[in-house]
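**Student:** Sharing a structure below in C-alpha coordinates format, with a few things to ask.
The values are calculated or read from the model by the stated rules, or taken from the named source; none is laboratory data. This one's a predicted model, so the numbers in the text were calculated from it and none came from an experiment. Please note: Cβ atoms are built from the backbone with ideal geometry, for glycine as well, and neighbour counts cover all protein chains shown. Ligands, DNA and RNA are excluded from the accessible area calculation, which covers all protein heavy atoms including side chains. Shrake-Rupley method; radii C 1.70, N 1.55, O 1.52, S 1.80 Å.
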Amino acid sequence: MTTIIISNLLDRHQSYPLAGDEVYNIIDPKMTGEESFIMDMAGVSSVPTVFLNASLGRLIDVYGIANVKSKIGFVNIMRAQLDRIRKYFDDYAEVIEKR
(Lines give C-alpha, C1' and ligand atoms only; values in the text may rest on other atoms or scores of the structure.)
Protein backbone atom coordinates (compact mmCIF):
# COMPACT_ATOMS: atom_id res chain seq x y z
CA MET A 1 0.00 0.00 0.00
CA THR A 2 1.30 3.42 -0.95
CA THR A 3 0.23 6.49 1.03
CA ILE A 4 0.21 9.77 -0.86
CA ILE A 5 0.21 12.82 1.40
CA ILE A 6 -1.63 15.38 -0.68
CA SER A 7 -0.68 18.39 1.45
CA ASN A 8 3.01 17.65 0.79
CA LEU A 9 2.38 17.68 -2.96
CA LEU A 10 0.43 20.93 -2.72
CA ASP A 11 3.20 22.52 -0.64
CA ARG A 12 5.84 21.41 -3.14
CA HIS A 13 4.01 22.50 -6.29
CA GLN A 14 1.85 25.38 -5.04
CA SER A 15 -0.60 24.31 -7.75
CA TYR A 16 -3.56 21.95 -7.70
CA PRO A 17 -3.08 20.83 -11.33
CA LEU A 18 0.62 20.08 -10.80
CA ALA A 19 -0.12 18.21 -7.56
CA GLY A 20 -2.79 16.25 -9.44
CA ASP A 21 -0.26 15.41 -12.16
CA GLU A 22 2.10 14.05 -9.51
CA VAL A 23 -0.66 11.91 -8.01
CA TYR A 24 -1.28 10.49 -11.47
CA ASN A 25 2.44 9.90 -12.04
CA ILE A 26 2.76 8.06 -8.73
CA ILE A 27 -0.23 5.80 -9.30
CA ASP A 28 -0.19 5.17 -13.05
CA PRO A 29 2.91 2.92 -13.26
CA LYS A 30 1.58 0.68 -10.46
CA MET A 31 -2.09 0.65 -11.40
CA THR A 32 -2.11 -2.72 -13.16
CA GLY A 33 -0.41 -4.51 -10.24
CA GLU A 34 -1.73 -5.49 -6.86
CA GLU A 35 -0.75 -2.17 -5.26
CA SER A 36 -3.39 -0.05 -3.54
CA PHE A 37 -3.17 3.63 -2.69
CA ILE A 38 -4.26 5.80 0.20
CA MET A 39 -4.63 9.52 -0.35
CA ASP A 40 -4.04 11.28 2.97
CA MET A 41 -6.08 14.48 2.90
CA ALA A 42 -4.89 15.93 6.25
CA GLY A 43 -4.34 19.67 5.93
CA VAL A 44 -6.04 19.91 2.53
CA SER A 45 -8.70 22.60 2.51
CA SER A 46 -10.43 21.84 -0.79
CA VAL A 47 -10.55 19.39 -3.67
CA PRO A 48 -11.07 21.47 -6.82
CA THR A 49 -11.95 20.04 -10.20
CA VAL A 50 -8.54 20.96 -11.66
CA PHE A 51 -6.91 18.63 -9.11
CA LEU A 52 -9.43 15.85 -9.68
CA ASN A 53 -9.15 16.08 -13.47
CA ALA A 54 -5.34 15.92 -13.37
CA SER A 55 -5.30 12.94 -11.00
CA LEU A 56 -8.42 10.80 -10.77
CA GLY A 57 -9.92 11.87 -14.10
CA ARG A 58 -6.82 10.83 -16.03
CA LEU A 59 -6.71 7.53 -14.17
CA ILE A 60 -10.39 6.91 -14.90
CA ASP A 61 -9.80 7.59 -18.61
CA VAL A 62 -7.10 4.92 -18.72
CA TYR A 63 -8.29 2.30 -16.22
CA GLY A 64 -12.03 2.88 -15.74
CA ILE A 65 -14.03 4.04 -12.74
CA ALA A 66 -14.38 0.63 -11.10
CA ASN A 67 -10.63 -0.03 -11.17
CA VAL A 68 -9.80 3.41 -9.80
CA LYS A 69 -12.36 3.06 -7.01
CA SER A 70 -11.03 -0.38 -6.09
CA LYS A 71 -7.41 0.80 -5.85
CA ILE A 72 -7.69 4.21 -4.16
CA GLY A 73 -8.86 5.02 -0.65
CA PHE A 74 -8.81 8.15 1.48
CA VAL A 75 -7.87 8.95 5.06
CA ASN A 76 -8.12 12.13 7.11
CA ILE A 77 -10.81 13.33 4.74
CA MET A 78 -13.50 15.84 5.62
CA ARG A 79 -17.12 15.02 4.84
CA ALA A 80 -17.32 17.86 2.29
CA GLN A 81 -14.24 16.50 0.48
CA LEU A 82 -15.66 12.99 0.43
CA ASP A 83 -18.97 14.26 -0.93
CA ARG A 84 -17.09 16.26 -3.59
CA ILE A 85 -15.09 13.21 -4.70
CA ARG A 86 -18.19 11.01 -4.78
CA LYS A 87 -19.96 13.62 -6.91
CA TYR A 88 -16.93 13.76 -9.23
CA PHE A 89 -17.10 9.99 -9.76
CA ASP A 90 -20.87 10.13 -10.34
CA ASP A 91 -20.56 13.02 -12.80
CA TYR A 92 -17.70 11.29 -14.61
CA ALA A 93 -19.75 8.09 -14.93
CA GLU A 94 -22.57 10.10 -16.45
CA VAL A 95 -20.20 11.64 -19.02
CA ILE A 96 -18.79 8.22 -19.92
CA GLU A 97 -22.29 6.82 -20.47
CA LYS A 98 -23.02 9.61 -22.97
CA ARG A 99 -19.94 8.88 -25.11
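**Student:** Just the number please: accessible area per residue for the chain, 1.4 Å probe, all protein chains included, in Å².
**Tutor:** Ligands and nucleic acids excluded, the figure is 56 Å² per residue.
**Student:** What number comes out for the charge environment of E22, summing +1 per Lys or Arg and -1 per Asp or Glu over other residues with Cβ under 11 Å away?
**Tutor:** -1
**Student:** Hey, another quick one. Compute the Rg to Rh ratio over the chain from the alpha carbon atoms, using the Kirkwood formula for Rh, and round to two decimal places.
**Tutor:** 0.93
**Student:** Mind listing the long-range amide H neighbours of I38? Cut-off is under 5 Å, sequence gap 5 or more, other chains count too, H placed in the peptide plane at 1.01 Å from N.
**Tutor:** Long-range HN contacts for I38: T2, T3, I4, G73.
**Student:** Set Lys and Arg Cβ to +1 and Asp and Glu Cβ to -1, take the dipole of the chain about its Cα centre, and tell me which of V44, A80, Y24 lies farthest positive.
**Tutor:** Farthest towards the positive pole: A80.
**Student:** Something else: Calculate, in nm to one decimal, what S46 and V62 gain on full extension: separation in residues at 0.36 nm each, minus their alpha carbon distance.
**Tutor:** 3.3 nm is the gain from fully extending S46 to V62.
**Student:** Go through F89, T3, G33 and say which Cα lies farthest out towards the positive end of the charge dipole of the chain; charges sit on Cβ, +1 for Lys and Arg, -1 for Asp and Glu.
**Tutor:** Sorting the options by dipole projection puts first F89.
**Student:** Further question: Only four residue types carry charge here, +1 at the Cβ of Lys and Arg and -1 at the Cβ of Asp and Glu. Report the dipole size of the chain about the Cα centre in Debye, rounded to the nearest 20. Walk me through the numbers on the way to the answer.
**Tutor:** Numbers: 11 positive and 13 negative charges, 36 e Å.
Taking the Cα centre of the chain as origin, the dipole is about 180 debye.
**Student:** Order these peptides, 68-74, 81-87, by their mean beta-carbon neighbour count within 10 angstrom, highest first.
**Tutor:** 68-74, 81-87
**Student:** Applying 1/(1 + (r/R0)^6) with R0 = 22 Å to the Cβ-Cβ distance of R12 and A80, what FRET efficiency is obtained, to the nearest 0.05?
**Tutor:** Working from the Cβ atoms, E equals 0.35.
**Student:** Any chance you could get the radius of gyration and Dmax over the Cα atoms of the stretch 1-45, in Å?
**Tutor:** For the stretch 1-45, the Cα-based Rg and Dmax read 10.7, 31 Å.
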